[in-house]
Every structure is written in C-alpha cells, then in structure tokens.
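Structure first, commentary second.
Bear in mind these aren't lab numbers, they're just calculated from the coordinates by the rules spelled out. The model shown is predicted, which means the values in this text are computed figures rather than measured ones. Backbone-built Cβ (ideal geometry, glycine too); neighbour counts: all protein chains shown.
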Amino acid sequence: MNNKCPWCGSDKAQINLWLKDDFLTKEDFHICECLNCGLLYTMPRPPKEKIGDYYKSEEYYSHQENKKGFIPRLYESIKKVNLRHKYKIATKGLEVGTLLDIGCGVGDFLHTAENKGWQCTGVEPSDDAKEIAHKRMKAPIYRSEQLEQLPDKSFDLITMWHVLEHVDDLKWQIEQLQRLVKPNGRIVIAVPNYKSYDGQFYKEHWAAYDVPRHLNHFSRNTITKIFKANNLILERTTKLVWDAYYISFMSEQYRNHAFPLIRGAFRGLVSNCKARRSGEWSSLVYIFHPKTENPK
Ligand SMILES: [Zn+2]
C-alpha cells in the first residue's frame, strides 16, 4: 500500500483522525498529516479502479439532476444562486476568453460560462456526468488523463470547484495547471477548509472530509505552499457562504441527530459569523496566477 504524501512523497506522517465513510460504505479510514509539508491526506487510498464504487449512490447530488423531495429541491435552488456567485468570483476583472473547468460534472458551471460567451472546455472522469454535459453544451469534455494532450498556455481561466480534494495524483494535477494556464491567466480553486469552525466542531463527522472520495485536505498554508512551489502565486481568497450550511446539515445527518436541517442551519450560521473575523470559511476559493507575469 502506498502511504506516501501525495504531494511531497514523504512517508513521515502522523494520524490526526480516525473516521468512517459516513456517506456510503461505513468503511474505516484515517486522516494523515504529512510531517514534511503539512498536507492532510486520506488513508488508505482506494486503488484507481475501485474509486468509482465510492461514488455510486442515489444521494450523490453533485451528479444528479431533477430529483424530487424538499432537500434536493432546496439543494437545486441554492446551487443556482451559488453558480451565479461562482461565475462572478471566477471572472471578475477578466475579459471573456478560454475556460477550462476540471471536474465539470454535468456541466453546470461551463453551461453558465458558455452562455456568457466563454470558449469552454471540460474535464470529467464520470462517464454518466460527461454524457449529460455533452447534451447541454457545445464544449468538448475530456477524460482527466487527456489533459496532457491539451496545448501549453491555452487557457485564460482554469477552474476546479471542489475537485482538487478528489484528485489522486496531486503533483501531476498541479503541474498540468501550471502548464495549461496562459502567462496572464488565472486559476480558481475551491476546496473545503478543515480549519473552519464547522470543521473543528464536527471533527470526524465533518461531512467535508467525505472519505475516501476526498483524498486531500487543504488549509490556507498548505495549498499556498504547494502552488507556490509550482510558480503559482496566491492573489486572493474568497468564500462560499452556503457551504457552511450544507456541510453542517450533512454532518448533523451523519451524527443521526434530530432536526438536522435546523441544527445544521444554526451551526452553519455560527461558522460563518466566526469566519468573518478569522477568515476560516467552511469552503475557501483560492485565486492564483502564474509567477512571471502581472496578474489581471
Ligand atoms: Zn508531504
């Protein structure tokens, strides 16, 4: 079993948390902290050919469309507001150009951007999601490994919305980002933040650990350091406020508490209030640019 840090390759690590796949299989996992670079990562890591099994669930909303019931409908409404917000964050100050969305799912973000005139490309490992995305838009959608075939410096904007935490080969992925972004382009990465209040409060039940689907767990320090090593400089961070509510609600469900919606709403509110001071939002959006050129 490969128990090396997915970023620096060190095998010196300590176990920070023992936890279960609360969402699907109830199997046991743990979170390791690399003693060399500080990255948190999930162990054991399922082999590539088996990872798809951990996504097979009716409840995996990210890849589901047109679900009935109150919670899925609420999720869909929030998703629409969130999409508009994400589009604003990612494109603020940029002229319309070429966009690559890695882990595009059913193409929600690409669809929004394509309607605004962006020349879009997607990458998605799930065949089911890819098929839906294909029907919705003109953009070509590739498999993850096909990223290597795309030409150097071809994108003004590259986005990964809650995707980098799922990536098995983190080092390769970041090298590809560095290779594909234009010298004056931008990379936008949204990931959960385990240093948030909800992350610290729910600990092993925090839904955004989501093992073993999430393999990498980032703090502000680790992600900044990792990208900087690839000449990608942090320009600024921003937040996704809805995530605190959604993650808290899911975490309450995992703990089998009564009234998870109310409890989750309360805990999400506390998390967002605390984050106003600390900056440790439940999910953070990091905006990077290549080192050598002036950012847009
Ligand atoms: Zn490491």
Gained length - I233 relative to I15, 0.36 nm times residue gap less alpha-carbon distance:
75.5 nm
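So what is the relative contact order of the chain, in percent, for Cα pairs below 8 Å that sit 6 or more residues apart? Provide the component values of the computation, followed by the final result.
Values: 558 pairs, mean separation 52.4, N = 296.
It comes to 18 percent, rounded to a whole number.
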Fewest first, what order do I141, I15 take by the number of other Cβ atoms within 10 Å?
I15, I141
Relative contact order for segment 1-151: what is it in percent, counting Cα pairs under 8 Å that are at least 6 residues apart?
13
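Given the DSSP H assignment, sum -39500 (n - 2.57) over each helix run of at least 4 residues in the chain and divide by its residue total; what's the result at 222 nm in deg cm²/dmol, nearest 500?
Numbers: 9 runs with 102 residues, N = 296.
The per-residue figure over the chain is -10500 deg cm²/dmol.
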Between F70 and N115, 0.36 nm times their residue separation minus their Cα-Cα distance comes to what?
13.3 nm
Evaluate the Debye formula for segment 13-290 with equal point scatterers sitting on the alpha carbons, no solvent, and hand back log10 of I(q)/I(0) at q = 0.09, 0.14, 0.16 Å⁻¹, in q order, two decimals.
-0.40, -1.05, -1.43
Roughly how many whole Å is it from the C-alpha centroid of segment 119-154 to that of segment 227-244?
23
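In percent, what relative contact order does segment 227-296 have, based on Cα pairs under 8 Å that are 6 or more apart in sequence?
On the way: 93 pairs, mean separation 32.8, N = 70.
The normalised contact order for segment 227-296 reaches 47 percent.
Given K50/K195; K92/K182; K48/K228; K86/K225; K48/K182; K86/K195, which pairs have Cα atoms separated by over 19 Å? Please report the intermediate quantities before stating the final value.
Details: K50/K195 30 Å; K92/K182 17 Å; K48/K228 28 Å; K86/K225 24 Å; K48/K182 30 Å; K86/K195 22 Å.
From K50/K195; K92/K182; K48/K228; K86/K225; K48/K182; K86/K195, over 19 Å: K50/K195; K48/K228; K86/K225; K48/K182; K86/K195.
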I want to check the label-to-label distance for D168 and M43. Put each point 7 Å from Cα in the C-beta direction and report it in nm to one decimal.
1.9
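Can you tell me how much longer the chain between C273 and D53 gets when fully stretched, taken as 0.36 nm per residue apart minus their C-alpha distance, in nm with one decimal? Mind dumping the intermediate values first?
On the way: separation 220, 0.36 × 220 = 79.20 nm, distance 3.71 nm.
Additional length available on full extension: 75.5 nm.
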Taking the beta-carbon count within 10 Å as an exposure proxy, list L284, L150 from fewest neighbours to most.
L150, L284
In nanometres, what is the gap between the two model label sites at N221 and E148, each 7 Å from Cα along Cα-to-Cβ?
3.5
For segment 142-192, what class follows from the C-alpha gyration tensor (a ≥ b ≥ c being the square roots of its eigenvalues): rounded when a/c is under 1.5, otherwise prolate if a/b is larger than b/c, else oblate?
oblate
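Sorting D21, D169 on the 10 Å Cβ count, fewest up front, what's the list?
On the way: D21 18, D169 14.
Lowest to highest Cβ neighbour count: D169, D21.
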